[in-house]
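What follows is a set of notes on a single structure, which appears directly below.
The values are calculated or read from the model by the stated rules, or taken from the named source; none is laboratory data. Worth saying up front: this structure is predicted, and the values here are computed from it rather than measured. Neighbour counts run over all protein chains shown; Cβ positions are idealised from the backbone, glycine included. All accessible areas refer to the heavy atoms of the entire protein, side chains included, with ligands and DNA or RNA removed. Shrake-Rupley method; radii C 1.70, N 1.55, O 1.52, S 1.80 Å.
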Amino acid sequence: MLRALSTVGGFTLMSRILGLAREIFMAAFLGTSIVTDAFYLALRLPNMFRRIFGEGAFNSAFVPLFGREIAEGDIDGAHRFARNAFAWLGGVLLLATLILIPGMNWFGKLIAPFAKPDTYELVVSFGRIMFSYLLCMALSAHLSGVLNTLNVFSAPAFAPVLLNVLMLIVLAIIVPLAHLQDQLVTIGTLVSWSVCAAGFAQLCLLWVVAWRKGVKIYPVIPKMTPKIKRLALLMGPGVLAAGIQQVNLLVGSAIASSKESAVSALNFADRLFQMPNGLIGVAFGVVLLPEITRLLRTGDEDGANESIGRGVLFSMLLTLPAAVAFVMTPSSFVVPIYERGKFAIDGSAGPVSMALAAFAAGLPAYVLIKVLQAGYFARENTKSPMKLAIVTVTVNTIASVVLFRWIGFVGIAIATSLAGWLNVVLLAHGLRGSMGITPERKSQLFRVLLAALAMGVVVWFSARLMEPWFSSGIEWLRISAMLLLVAAGGAIYGALALVLKATSLAELKAGFKR
């Protein structure tokens, strides 16, 4: 597990670091302006459909079915199934793209109903450029599912790096060389085109890798076979669950769009939140689903439960220290990373720091959701997560509306965290007896929490001592203070985790064995 996780996590970390670099340039050039709000609102629409029909609902249904064909030795049948599924997914999404791009002026109301006219005009403009990203990314998610089932993790994990590379080429090279720093709308347009190009680049990369691995994916006429009917049946609840979750995100964006700069502040905070969430949560979800599917197909129920239990332990071992650090000292990360250029002029560090702390309180929950959902999807159970999603999304929406009126946009982040923990409780209740959480593992999890909290106290006092560095205005000094804080916190946490026997070197080494 850890060997596969290190591959996925390594490339995901690369992508997140480049994504953070991208956000640094976005913050410096655009700050929390209406152009930034419009760009992130426009990107949300293709991302919404991608998560509904692509990597979420589709792969949670496709991977177990494709994995069954591989496990039973029907390689040719598995490849035919993959081509047919690719054709259906591509056909449906191509039709959606051809409808939504011309109708963006109307569909934009879904994501920015309360936006001011100037902002909304930019949302429509950017949205038309970026919407083809949906088609490419959904098909890329399909190819990633095929490759992950074949235990090929490196290319699917690397593909998202291309998005950040192309956006950085625009922001770090083209904009300065063309002296466009003051032309905010032009910057937003160029970045939108880079997103469009990145979708095609990722699709081409994964198609070539799949072809070289012997999976010949090429255009075929879609056929309604029993396997496709089974895929559609399994996808149905997943599409509904993912759709409900995306509608919830749209509700949050719509609420935030009524206040200028709120969308941008939440996005900048979410980018830091997604560093550990993407690195750990996504990696565990990617690795666990094919592994648990394989174990269940070979009749090893105990092994599947043990994999979930190890996933819970290792994910919390990696996630809890990050969550505690973000909650205890959010400004120690926001100020060195973002505070320059227009972001500093707008005085955005305080609001973004508050949003980051609120998001971070739910970080362990969102990682656990990825781990626990694998236990359902591997058993071809997509209905239970759907029902739980309806409950948690309803709570999230109500809490967002209430808290936004009470404490502003930070309330949306708090509602997101509360809903995440509710989802974890419900998922764990549904998997009771199948999670591999033994009394010994519960004890380990408690020790992980103790080590993380103790580290948090040390980090908080250390940040207070280094406050002159963070407030110096000298960029290299602020970044050095942040890196020193991270290094000290990591060293203290690692030592405490071993001393408290939250894990052991032998257990970690065992996770890397073939």
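Key figures
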read-out: Qualifying residue in region 398-411 (condition: assigned to a loop (DSSP other than H, G, I, E, B), on the phi > 0 side of the Ramachandran plot and modelled with pLDDT under 90); value: yes
read-out: Selected residue [out of contact with any strand residue (DSSP E or B) (no Cβ under 7 Å at 6 or more places or on another chain), open to solvent by 20 Å² or more (accessible area, probe 1.4 Å) and of a type in the set (Gly, Ala, Ser)] from ALA304, ALA365, ALA325, ALA361; value: ALA361
read-out: Qualifying position, being over 30 Å from SER307 (Cβ atoms) and surrounded by 21 or more Cβ atoms within 10 Å (Cβ to Cβ), among ALA399, ALA415, ALA452, ALA419; value: ALA415
read-out: Given (1) over 20 Å from THR186 (Cα atoms); (2) open to solvent by 20 Å² or more (accessible area, probe 1.4 Å); (3) among the hydrophobic types (A, V, I, L, M, F, W, C), number of the condition LEU122 does not satisfy; value: (1)
read-out: Single residue of VAL220, VAL195, VAL191, VAL215 found to be β-branched (Val, Ile, Thr), open to solvent by less than 30 Å² (accessible area, probe 1.4 Å) and part of a loop (DSSP other than H, G, I, E, B); value: VAL215
read-out: Single condition HIS179 does not satisfy, out of (1) open to solvent by 50 Å² or more (accessible area, probe 1.4 Å); (2) at pLDDT 90 or above; value: (2)
read-out: Hey, VAL367 over 19 Å from the mean Cα position of the chain (by Cα) and either closer than 21 Å to GLY408 by Cα or in a helix (DSSP H, G or I) (or both) or not; value: no
read-out: Residue match in region 91-114 (condition: among the charged types (D, E, K, R) and open to solvent by 40 Å² or more (accessible area, probe 1.4 Å)); value: yes
read-out: Any hit, region 339-350, residues being open to solvent by less than 20 Å² (accessible area, probe 1.4 Å), closer than 29 Å to SER261 by Cβ and part of a helix (DSSP H, G or I); value: yes
read-out: Top-ranked residue of region 36-88 - restricted to ones that are among the charged types (D, E, K, R) and open to solvent by less than 40 Å² (accessible area, probe 1.4 Å), ranked as modelled with the lowest pLDDT; value: ARG50
read-out: 3 or more residues more than 16 Å from SER192 (Cα to Cα) and out of contact with any strand residue (DSSP E or B) (no Cβ under 7 Å at 6 or more places or on another chain): qualifying helices (runs of 4 or more DSSP H) within region 71-162; value: 75-100, 104-107, 132-149
read-out: Any hit, region 250-262, residues being of a type in the set (D, E, K, R), modelled with pLDDT under 90, open to solvent by 30 Å² or more (accessible area, probe 1.4 Å) and part of a loop (DSSP other than H, G, I, E, B); value: yes
read-out: Residues of region 291-315 classified as assigned to a helix (DSSP H, G or I) and over 22 Å from ALA365 (Cα atoms), total; value: 8
